[in-house]
Amino acid sequence: MTEKMIIAIDGPAGSGKSTTAKLVAEKLGFLYIDTGAMYRAITFAAIQNNILENYEAVIQLTKNSEIKLQFNDGITKVFLNELEVTEEIRSPLVNSQVSDISKINEVREELVAKQRKMGEVGDVVMEGRDIGTVVFPNAQIKVFLTASIDKRVDRRVKEYEDNGKSVKYDDVKHNLVNRDIIDSTRTVSPLLKAEEALEIDTSNLSIDEQVEKIVKLVEEYRINKQKV
């Protein structure tokens, strides 16, 4: 019987995590879980309820919220309390606030528990910022994606434009730099490369090349397990 696997893909915003993780999952027939969408959903709800500055209210909101992710045909649909918020959670406003919400300890604890529950089925590709270090430290495959800040800004701007949204390059760059600082310096579950993770700089790699590197890791892992 083939061992059930967890592939943890971490990295900063714009490093290519989501696209790469989706394609790896499709290629391997695994379940794809976008943990960042969960933090975005809570951030969106906090904005809607005008409680961004009220951390206690955000914590209670997280505890009382049901988040569902449905991945079909290359698209992750996000549902917050049965209401689809797939498009809404990708707005510039949510992007500018999500790192502040993500650094709240109790919010992370609640969502990490939900993420672990989702991953219990195995054969999962889960991407985020603390998957290999906190959510699933025993994941069989750990990858840390990076890219130059300019390349990451280019990708994010293109993502907005592809969705019909107009943004300024400097605003996007400021947002990404700020998110990096918050994500890397928060006290709980900071953005860190797991010691045993393979670091892949995606600045000059195509999506196909990124996917192939990770799929090859999985194949090598399985071959080595058979030898034991």
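Read-outs: derived from the displayed coordinates by stated rules, not from any lab. It should be emphasised that the depicted structure is a prediction, and the values quoted were computed from it without experimental measurement. All Cβ positions, glycine included, derive from the backbone under ideal geometry; neighbour counts span all protein chains shown.
Note on residue 27/residue 170: beta-carbon distance plugged into 1/(1 + (r/R0)^6) with R0 of 41 Å gives a FRET efficiency of 0.65. Rounded to the nearest Hz, the phi-derived 3J(HN,Hα) couplings of region 120-131 under the Karplus curve 6.51 cos²θ - 1.76 cosθ + 1.60 (θ = phi - 60°) are 4, 5, x, 6, 10, 10, 10, 10, x, 10, 9, 5, where x marks glycine and proline. Taken about its Cα centre, region 117-228 carries a charge dipole of about 200 debye when Lys and Arg each add +1 at the Cβ and Asp and Glu each add -1 at the Cβ. Summarising the label geometry, the points placed 7 Å from Cα in the beta-carbon direction at residue 65 and residue 138 lie 3.0 nm from one another. Quick one: check the C-alpha center-to-center distance for region 40-75 versus region 120-137, whole angstrom. About 20 Å separates the Cα centre of region 40-75 from the one of region 120-137.
The slack in the chain from residue 185 to residue 201, taken as 0.36 nm per residue of separation less the alpha-carbon distance, amounts to 3.6 nm. Packing-based ranking of 147-158, 54-65, 35-46 yields 35-46, 147-158, 54-65, ordered from highest to lowest mean Cβ neighbour count within 10 Å. To the nearest 10 degrees, how steep is helix 92-102 against the longest Cα principal axis of the chain, on a 0 to 90 scale? Helix 92-102 sits at roughly 70 degrees to that axis. Distant-in-sequence amide contacts of residue 32, defined by a placed amide H-H separation under 5 Å and a gap of 5 or more residues or a different chain, comprise 125. Sorting 68-77, 83-92, 119-128 by average packing, meaning the other beta carbons within 10 Å per residue, from highest down gives 119-128, 83-92, 68-77.
Residues whose amide H falls under 5 Å from that of residue 198, counting only those 5 or more places apart or on a different chain, are 142, 143, 144, with hydrogens built in the peptide plane. Listed from fewest to most Cβ neighbours within 10 Å, the set 10, 180 follows the order 180, 10.
Pairs of alpha carbons in region 137-228 separated by more than 21 Å make up 49% of all such pairs.
Think of the chain as a dipole: +1 on every Lys or Arg Cβ, -1 on every Asp or Glu Cβ, centred on the Cα centre; then among 70, 6, 145, 6 lies furthest on the positive end.
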